[in-house]
Amino acid sequence: AQSVTQPDIHITVSEGASLELRCNYSYGATPYLFWYVQSPGQGLQLLLKYFSGDTLVQGIKGFEAEFKRSQSSFNLRKPSVHWSDAAEYFCAVGYTGRRALTFGSGTRLQVQP
Amino acid sequence: GAGVSQSPSNKVTEKGKDVELRCDPISGHTALYWYRQSLGQGLEFLIYFQGNSAPDKSGLPSDRFSAERTGGSVSTLTIQRTQQEDSAVYLCASSMGLAGGTGELFFGEGSRLTVL
């Protein structure tokens, strides 16, 4: 069965520092990959998605992610973190014909002033 | 409406009681999903509706859980004889099509269930 691993439960960075959140998936087929953000008291919002083509995808709020097939990874990056980026981030994977997305357990980001 | 609407936003109930959670998806979205988010856990898939097709119930944790979708729109998730381990945030999402295809999921803010 497919699975999604987010190895970092909690990350703290200073405002203005760069950020990388890790995501690994396990399955043989080519996946569709997503990053969602959940701010306190709010629903999940899509940051970006990868379906095919260019393996570096740009999303909202200055985020980007790179699909690396050889590493089964889809890490999320941001060059300069803002205090408003403090939230929980979820990686998710889907496959053709599979009806539901499989989500990772999330990474909680804390931003220090 | 403009987004996915869920009610109630918070529900506190006693062990053994039944609860109903409601989801109103984005107009025109054919697919509707229920997920459960427990403290410190990821999102656990519960059930999926697509148009008039039979729902995918493969994620329901026990026969105390059921869901229906009336008229291809509003959905109700029912939990019978609630247990303390049912305490979680129940998230509803809708999409234009299969999420495993090109369909992006749009989430509601969730219903937080606390079973005492």
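The values are calculated or read from the model by the stated rules, or taken from the named source; none is laboratory data. Values in this document were obtained by computation on a predicted structure and should not be read as measured data. As a convention, Cβ positions derive from the backbone with ideal geometry for all residues, glycine included, and neighbour counts pool all protein chains shown.
The condition of being assigned to a strand (DSSP E or B), under 30 Å from residue B:2 (Cα atoms), within 14 Å of chain B (Cβ to nearest Cβ) and not hydrophobic (A, V, I, L, M, F, W, C) holds for residue A:36. Scanning segment A:94-113 for residues that are modelled with pLDDT under 90 and part of a strand (DSSP E or B) yields A:94, A:102. For segment B:54-76, the set of residues classified as over 12 Å from the mean Cα position of the chain (by Cα) and among the β-branched types (Val, Ile, Thr) consists of B:70 only. Checking every residue in segment A:12-20 against the condition of being within 11 Å of chain B (Cβ to nearest Cβ), surrounded by 14 or more Cβ atoms within 10 Å (Cβ to Cβ) and outside any loop (DSSP other than H, G, I, E, B) gives zero matches. For residue A:61, the conditions (1) within 11 Å of chain B (Cβ to nearest Cβ); (2) modelled with pLDDT under 95; (3) more than 27 Å from residue B:50 (Cβ to Cβ) are fulfilled apart from (1). One residue stands out among those in segment A:53-75 that are out of contact with any helix residue (DSSP H, G or I) (no Cβ under 9 Å at 6 or more places or on another chain) and among the hydrophobic types (A, V, I, L, M, F, W, C): the one that is surrounded by the most Cβ atoms within 10 Å (Cβ to Cβ), which is A:74. Within segment A:21-33, if we keep just the residues that are part of a loop (DSSP other than H, G, I, E, B) and at pLDDT 95 or above, the residue that is surrounded by the fewest Cβ atoms within 10 Å (Cβ to Cβ) turns out to be A:22. Look at (1) within 14 Å of the chain's Cα centre (by Cα); (2) modelled with pLDDT under 95; (3) surrounded by 12 or more Cβ atoms within 10 Å (Cβ to Cβ); (4) farther than 22 Å from residue B:92 by Cα and you find that residue A:9 fails only one, number (3). Residues in segment A:39-58 that are small (Gly, Ala, Ser), under 16 Å from residue B:42 (Cα atoms) and more than 8 Å from chain B (Cβ to nearest Cβ): A:39 only. Can you find, within segment A:79-113, the residue that is farthest from the other protein chains (Cβ to nearest Cβ) among those that are surrounded by fewer than 21 Cβ atoms within 10 Å (Cβ to Cβ) and charged (D, E, K, R)? Top of the filtered list is A:85.
Could you list, in sequence order, the residues of segment B:63-78 that are of a type in the set (S, T, N, Q) and at pLDDT 95 or above?
Pass one, segment B:63-78, residues of a type in the set (S, T, N, Q): B:66, B:70, B:73, B:75-76, B:78.
Scanning segment B:63-78 gives B:66, B:75, B:76, B:78.
Candidates are the residues of segment B:27-42 that are among the aliphatic types (A, V, I, L, M) and over 11 Å from the mean Cα position of the chain (by Cα); the one that is farthest from the other protein chains (Cβ to nearest Cβ) is B:39. Just one of the numbered conditions (1) under 28 Å from residue A:107 (Cα atoms); (2) within 12 Å of chain A (Cβ to nearest Cβ) is not true of residue B:50: (1).
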